[in-house]
Amino acid sequence: MYASREDIGYDFGDDSKAGSKPIKPNPNIDGGWAWMIVLSSFLVHILIMGSQMALGILNMEWLEEFNQSRGLTAWVSSLSMGITLIVGPFIGLFISMCGCRKTAIIGGILNALGWILSAYASNVHYLFLTFGVTAGVGSGMVYLPAVVMVGQYFQKRRALAQGLSTTGTGFGAFLMTALLKYLCTEFGWRNAMFIQGAVSLNLCVCGALMRPLSPKDIVSEKYVARSNSEDNQAKALSHSAETIKSNGVLSEEPEKKEEATNEEVLDSVQHIEIGGKSRSGRNMYGLRILKTVSQLTVTVRKGFAIWYSSYFGAASLFTNRVFVAFIIWALFAYSSFVIPFIHLPEIVKQYNLPSQNNIFPLTSIIAIVHIFGKVILGIISDLPCISTWNVFLMANFTLVTCILTLPLMQTYVSLAVVCALIGFSSGYFSLMPVVTEDLVGTKHLANAYGIIICANGISALLGPPFAGWIYDITHKYDFSFYISGLLYMVGIIFLLIQPCIQKKQPREKSTEEAQV
């Protein structure tokens, strides 16, 4: 399970010459402005994920206002949560073209617009478009950059940084629930959504804090990571990254030719602009517009080329078998975490435990322990003698065991213990960006993590309705946990099988060469 960091797929390139030059570590890597990035990501998780976990308050208001079925009304919240994650691969295209800062600022405006327009909803179907789609896409445009920027600014303490930033989800669940309750009581749900839209404009401030690293900083970051790799043990699988490392770099010659051509176009425009000073102001204005359009075209083409090669070209992320197994795991994992939040109140009612649950709800136990789980697992994963991959797998095994055993618990104390374990082990969510970066490298993190959260979004969108369908057939909540737990176990098995295949292939090849 251990591997050297030299095998991890960071795109260092050929540094035989540059490696001899001493490079000073960038003070903003693992320190300085990096902690402002953590603060920005923390606030993003509060405003986006925390708000989505508090949508139950608004869901009750919508049921009373529009008199629609529970299933139809629940799709508003489900669409918002699912689309936030499903649009991940497309947000990767925006990041490739515009960068994380601009993408997040545009997403903040779009999210706020979705909340404000929803205040004027006349029916549930109107909310599908304004809140489910508009606010959902805006949330996705802020959420992915918030995760990617933390991965870019941290090397030694990545797991801890991701853990601290994602704890905003737990804090946000409490803060936003209290805020929406107060606003709905005092001003009504329509004014509450309008005010929440104004609050969501703070996402633009969070996006402004996402200061991009300069090219020199990125190069320095890579070489510092390379020099430190000799003293640290792996936190990911070695051969899983070799495919991306060997195939994942775009051909440099076409890029250089394209950039040279684009520079010639821009230079010609500049030459015309200088030579035309004696012409009228209208012509000068037109030339400036032409120059701006040319620069924008260059940026879009380059960003699209990187995005396209990551998904469909020779450098496709899907050539990495362990990454593909990671996607399959993500398709089953997230629903197993969401289902307990939905069915726990019914299980408590079935076992006649409402009085104890009202004092301290089981879902609150999961949420509170979940916060500590993210931080503690992040600290453990950053220890030099511990592999992030092993911590990730152990947390997954613990969670799937709890999901399968939860229906067997019939007392409040036993349910509380299992829920606490679910909350702690589900803290592995903070390790997902770290594991993804270890598998594909920093260069491909935005596109790769976009695919992972897209799979999580599909799981979040389809998991709860699937569990409800199972209940309609069996009239028992137990089978929802058993089936989701077994599917979750299948995803974990995929994660275990692929590393074994990756390790066997080089050995078999060397054996054949020895025989020849």
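Hey, if we sort C385, C419 by accessible area with the 1.4 Å probe, largest down, what's the order?
Final ranking, largest accessible area leading: C385, C419.
Whenever you get a sec, line up V133, V413, V418 from highest to lowest accessible area (probe 1.4 Å, protein heavy atoms).
So, going from the largest accessible area down, we get V413, V133, V418.
With a Förster radius of 41 Å, plug the Cβ-Cβ distance of F372 and L63 into 1/(1 + (r/R0)^6) and report the FRET value to the nearest 0.05.
0.75
Rounded to the nearest 10 Å², what accessible area does I386 have for a 1.4 Å probe in the complete protein model?
Answer for I386: close to 50 Å² accessible.
Give me the one-decimal nm value for the distance between modelled label points at T405 and E186, 7 Å along each residue's Cα-to-Cβ direction.
Roughly 4.5 nm, to one decimal.
Sort 88-99, 429-440, 387-398 by the packing proxy (mean of other Cβ within 10 Å over each peptide's residues), most packed first.
Descending mean neighbour count gives 429-440, 88-99, 387-398.
For the pair L39 and S364, what calculated FRET efficiency results from E = 1/(1 + (r/R0)^6), where r is the Cβ-Cβ distance and R0 = 25 Å, to the nearest 0.05?
After rounding, the FRET efficiency stands at 0.45.
Round to the nearest 0.05 the FRET efficiency obtained for M394 and S122 when R0 = 41 Å and r is the Cβ-Cβ distance.
Efficiency for this residue pair is about 0.25.
Just the number, please: Stokes-Einstein D of the range 25-77 in µm²/s, Kirkwood Rh from C-alpha pairs, 4 °C, 1.567 mPa s.
The diffusion coefficient I find is 94 µm²/s.
Past 21 Å, Cα to Cα: identify those pairs from K349/K374; K102/K443; K349/K476, in the order given.
Where the Cα-Cα span goes over 21 Å, the pairs concerned are K349/K374.
For L486, what accessible area in Å² do you get when you roll a 1.4 Å probe over the heavy atoms of the protein chains, rounding to the nearest 10?
Approximately 110 Å² for this residue.
Give me the one-decimal nm value for the distance between modelled label points at R288 and F318, 7 Å along each residue's Cα-to-Cβ direction.
The modelled label-to-label distance comes out at 4.6 nm.
The values are calculated or read from the model by the stated rules, or taken from the named source; none is laboratory data. Only a predicted model underlies this, so the values are computations on that prediction, with no experimental measurement involved. All Cβ positions, even for glycine, are placed from backbone atoms using ideal geometry, and neighbour counts span all protein chains on display. SASA here: full protein model, heavy atoms, side chains in, ligands and nucleic acids out. Shrake-Rupley method; radii C 1.70, N 1.55, O 1.52, S 1.80 Å.
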